[in-house]
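Reviewing the structure listed below.
The values are calculated or read from the model by the stated rules, or taken from the named source; none is laboratory data. In this text, all values refer to a predicted model and were calculated from it rather than measured experimentally. As a convention, Cβ positions derive from the backbone with ideal geometry for all residues, glycine included, and neighbour counts pool all protein chains shown. In case anyone asks, the SASA skips ligands and DNA or RNA and just uses the protein heavy atoms, side chains included. Shrake-Rupley method; radii C 1.70, N 1.55, O 1.52, S 1.80 Å.
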Amino acid sequence: MPPSDPAAPDPQPVRVLLVEDDDLMRRSFTVALERYGYRMKAVADGLTGLELFRDERFDLLILDVMLPGLDGIGLCRRVRETSLVPVLMMSARGDGLDVVAGLEAGADDYVVKPVDTYVLVARIRSLLRRATYAPAAGPGRTTDDGEPTSEGRLLVFGDLTIDTGGLEVCVSGSPVALTPTELKLLLEFAAHPGIVLERHTLLRNVWEYGWDGDSRVVDLCVQRLRGKLGRDRIETVRGFGYKLRR
């Protein structure tokens, strides 16, 4: 069941870069998103999109997979070399290598064209909420030795430390750069250490899918987290889901 139509535009102007080579789709997406208050820049090829991204500040990128010059997957990789800006991929096919390659390149989510405007806006707002995510850090949080922290904000799991107030993650004392989606996924695991979280639970709590979603976004994001935190930090429980090792 699709989400309800967000009746009012977002209160703060959000700058969105759309890279889509189909003229009709590029115009229709631009008009539709501008109706919701987004400040749009739209270009038709990956190299122009990369140049524009480097010259201007954007809050979110929407990249088609199939682009001339530099495709959306290559563009996403180039963006991830310097930026953690939320990235939404668009694919004309949702059942193959496009989805996996896009998520492996660092995209936060994807939609399959043709996509309903309501769904597209809901996905955008979910991404933006993750980018500004600020979890409550109430009293009672402790280190893995059972000692309370001074502000109740530092979580420690072996060599992994998570400052839930400053939203900083370190491994063996070295900071780790996480995308907003990766960070929110890690915080979800950290809030339930040692507990198996099913994929549909993670889709609901992290990606905010209120309907059936593709569990590949979970699997690929976990894979990226493992690459940054260590292969053994997040354990797969076959047939159920994942858990963060204490």
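So residue 192 clears everything in (1) within 25 Å of residue 240 (Cα to Cα); (2) at pLDDT below 90; (3) open to solvent by 60 Å² or more (accessible area, probe 1.4 Å); (4) not charged (D, E, K, R) except one condition, right? Which one?
(2)
Within the range 128-145, identify whether any single residue is of a type outside the set (D, E, K, R), buried (at least 20 other Cβ atoms within 10 Å of the Cβ), modelled with pLDDT of 80 or more and assigned to a helix (DSSP H, G or I), and answer yes or no. Give the steps one after another, and end with the answer.
Let us first name the residues in the range 128-145 that are of a type outside the set (D, E, K, R), namely 128, 131-140, 142-143.
From what is left, the residues that are buried (at least 20 other Cβ atoms within 10 Å of the Cβ) are none.
Checked the range 128-145: no residue is of a type outside the set (D, E, K, R), buried (at least 20 other Cβ atoms within 10 Å of the Cβ), modelled with pLDDT of 80 or more and assigned to a helix (DSSP H, G or I).
Output the residues belonging to the range 205-244 that are at pLDDT 90 or above, under 20 Å from residue 107 (Cβ atoms) and of a type in the set (Asp, Glu).
219
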